[in-house]
Ligand SMILES: Nc1ncnc2c1ncn2[C@@H]1O[C@H](COP(=O)(O)OP(=O)(O)OP(=O)(O)O)[C@@H](O)[C@H]1O
Ligand SMILES: [Mg+2]
């Protein structure tokens with residue numbers, strides 16, 4: 001009936017049966033946090049529980065590493081849930097009469113892991129969530145927030161590479177909840193599980209998710225990165241969903257940075273650099289080494305002082321404490337860097353190569369406007385091939401900069 005155009009509500013009215021999920025297809029990449037979001041009753045839990053076949057789908061397919069999950073025997077399924085796919089529920093299901101340590105390693109115990117190995121894994125996991133040394137306490141001796149962290153530690157102590165999490169933080173008060181999200185992200189950065197995370201909180205979805213699927217009436221109405229969902233809401237439903245998002249949390253350096261056209265090389269002389277800065281009206285210039293690795297920022301005034309004194313080297317004008325961030329740093333984290341000083345913040349890649357700079361103005365614009373200016377994204381697009389180009393591109397770039405300066 002749904003396929004022939006009847007709505008979920010109509011199907012329910014005329015048959016008394018519910019469509020839990022329909023036409024909800026997606027892939028999850030290894031190491032990804034994939035978030036499913038939607039209003040109550042939209043089918044999030046249904047989908048999540050279908051992944052490890054706690055729900056039997058009436059049609060469709062589920063593949064895991066190329067294996068057909070629907071074709072598995074009961075025994076294979078049991079193995080799958082024990083060894084490969086872990087599940088975390090809202091309440092975490094801690095056992096009050098056991099110690100913290102025993103709770104954390106409960107999953108391993110079920111898996112038949114030996115005592116010594118369990119102890120080690122448990123301590124490690126407790127360390128990850130900031131509860132080292134608390135293993136011998138009883139669960140009831142901990143605060144609610146600490147108990148949540150025990151639950152998270154337990155999920156992390158297992159060796160299952162896939163975690164299905166159904167609103168694990170929803171019972172927490174907002175402050176603890178944010179702590180848990182940050183904690184979860186920093187741990188995930190280390191352990192790199194593949195996570196499918198269900199929530200009905202959009203901020204949480206956009207903060208945690210590499211990609212987010214938005215569900216409505218059992219169907220996926222949009223699937224994309226947080227940026228895509230904010231920038232191009234697929235329809236009015238999604239638009240309404242994203243209306244009051246806090247841009248500080250979800251926008252990153254990448255969206256507000258300005259590509260760097262002029263850099264100074266550390267071996268350049270102050271007079272040459274000063275001339276170039278004047279030519280382009282720059283108050284600041286990023287200083288890099290031969291490999292275009294960011295060393296610091298030089299201020300025009302300082303460079304001028306060196307030039308006046310006929311110094312040969314730029315070195316002492318370089319502020320080596322100048323702030324730098326990665327492409328994925330949120331605007332929320334960048335904002336404080338401008339509180340004391342109005343010095344542009346460098347954006348660098350994993351190898352510390354300069355990619356762009358964030359000015360106070362572009363940061364404020366990023367915090368307050370819902371759409372980027374086309375110019376910005378255009379210049380960003382132009383930067384991308386450069387970043388991916390082999391090393392030769394850097395020297396080419398350097399030649400270009402020199403020519404302009406002369
Ligand atoms: N055990 C069940 N038996 C019958 N219908 C169910 C059952 N569980 C869920 N449903 C129905 O399936 C649909 C999807 O429910 P589901 O639990 O997946 O929603 P959800 O998005 O997880 O909601 P919530 O945010 O409230 O947890 C709803 O219409 C619900 O009424
Ligand atoms: Mg649910």
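Number of residues in segment 26-36 that are farther than 18 Å from residue 188 by Cβ and in contact (Cβ under 8 Å) with a residue 60 or more places away in the chain equals 1.
Within 16 Å of ligand 1 (Cβ to nearest atom), free of Cβ contacts under 8 Å to residues at least 60 places away in the same chain, assigned to a loop (DSSP other than H, G, I, E, B) and assigned by TED's automatic domain parsing to the domain that holds residue 216 - does that describe any residue in segment 79-94? No - not one qualifying residue is present in segment 79-94.
Residues in segment 334-356 that are closer than 15 Å to residue 251 by Cα and touching a strand residue (DSSP E or B) at 6+ places or on another chain (Cβ under 7 Å) were compared, and the one that is surrounded by the most Cβ atoms within 10 Å (Cβ to Cβ) is 347.
Flag: residue 130 matches the condition of being surrounded by fewer than 18 Cβ atoms within 10 Å (Cβ to Cβ) and in contact (Cβ under 8 Å) with a residue 40 or more places away in the chain. Note on segment 50-67: residues that are free of Cβ contacts under 8 Å to residues at least 60 places away in the same chain and within 16 Å of ligand 2 (Cβ to nearest atom) amount to 3.
Scanning segment 1-44 for residues that are more than 16 Å from ligand 2 (Cβ to nearest atom), under 30 Å from residue 207 (Cα atoms) and exposed (fewer than 12 other Cβ atoms within 10 Å of the Cβ) yields 23, 25, 27, 29, 30. In this structure, does residue 38 turn out to be in the same structural domain as residue 204 (by TED's automatic domain parsing) and within 13 Å of ligand 1 (Cβ to nearest atom)? Against the criterion (in the same structural domain as residue 204 (by TED's automatic domain parsing) and within 13 Å of ligand 1 (Cβ to nearest atom)), residue 38 qualifies. The set of residues from segment 142-169 being out of contact with any helix residue (DSSP H, G or I) (no Cβ under 6 Å at 6 or more places or on another chain) and within 16 Å of ligand 1 (Cβ to nearest atom) comprises 165, 167, 168. Scanning segment 315-323 finds one or more residues that are surrounded by 15 or more Cβ atoms within 10 Å (Cβ to Cβ) and closer than 25 Å to residue 226 by Cβ.
If the condition is being at pLDDT below 85 and in a loop (DSSP other than H, G, I, E, B), then segment 242-265 contributes 243, 244, 245, 246, 251, 261. Every condition in (1) touching a residue at least 60 places away in the same chain (Cβ under 8 Å); (2) surrounded by 15 or more Cβ atoms within 10 Å (Cβ to Cβ) is met by residue 102 except one, and the failing one is (1).
Just so you know, in segment 186-209 the residues that are touching a strand residue (DSSP E or B) at 6+ places or on another chain (Cβ under 8 Å) and within 22 Å of residue 122 (Cβ to Cβ) include one that is nearest to ligand 1 (Cβ to nearest atom), and it is 195.
Restricting attention to segment 47-64, and to residues there that are within 15 Å of ligand 1 (Cβ to nearest atom) and closer than 18 Å to residue 195 by Cα, which single residue is surrounded by the fewest Cβ atoms within 10 Å (Cβ to Cβ)? Looking at residues that are within 15 Å of ligand 1 (Cβ to nearest atom) and closer than 18 Å to residue 195 by Cα, I get 54.
The values are calculated or read from the model by the stated rules, or taken from the named source; none is laboratory data. Since this is a predicted model, take the numbers as computed values, not measurements. In this analysis, Cβ positions are derived from the backbone assuming ideal geometry, glycine residues included, and neighbour counts consider all displayed protein chains.
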